[in-house]
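Report on the structure given below.
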Amino acid sequence: MEQRKVNVTVDHTEPAFFADTLTVTHGQEKFILDFTQAVPRFDTIGEERHQTINIKHKTLVLDPKVAKSILNVLKENLERYEQRFGQIKTPKPKKAKKTSEKQAPSNVASYIG
């Protein structure tokens, strides 16, 4: 069997992307990672100053096996990072306010449709 050489080039022209948030969704065949960057801009138009939030997205669509590989690589690297630099502290999720249960007054008709 004859071996063929294949030339590979890597495009380094795409600038790095800093993400503020990540949204993950999935279906049976793919995982979708939507990285978002929100940057405030301040523009002066005439004498007035206006603020605009500029939002950019970078979306990755992954095969489930690739998504799992990324998860494993991230776990390994986070463990090494924390061994070297200390534990990464993440904010605790805010608890939702408990709503009080109110009963409808007896003079209000109920409807189940």
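Computed from the coordinates by the stated procedures, all read-outs in this text should not be read as laboratory data. Please read all numbers here as calculations on a predicted model, not as lab measurements. A quick note on method: Cβ atoms are made from the backbone with ideal geometry, for glycine too, and the neighbour counts reach across all protein chains shown.
Peptides 54-65, 29-40, 74-85 ranked from most to least packed give 29-40, 54-65, 74-85, packing being the mean of other C-beta atoms within 10 angstrom over each peptide's residues. Under the classification rounded if a/c is under 1.5, otherwise prolate if a/b is larger than b/c and oblate if not, where does region 21-85 fall, given a ≥ b ≥ c as square roots of the Cα gyration tensor eigenvalues? In terms of gyration-tensor shape, oblate.
Multiplying the sequence separation of Glu47 and Asp11 by 0.36 nm and subtracting their Cα-Cα distance, what value in nm do you get? Can you show the working numbers first?
Values: separation 36, 0.36 × 36 = 12.96 nm, distance 4.32 nm.
Contour length minus Cα-Cα distance gives 8.6 nm.
In this label model, Lys95 and Ile55 are separated by 3.0 nm, measuring between points 7 Å along each Cα→Cβ vector.
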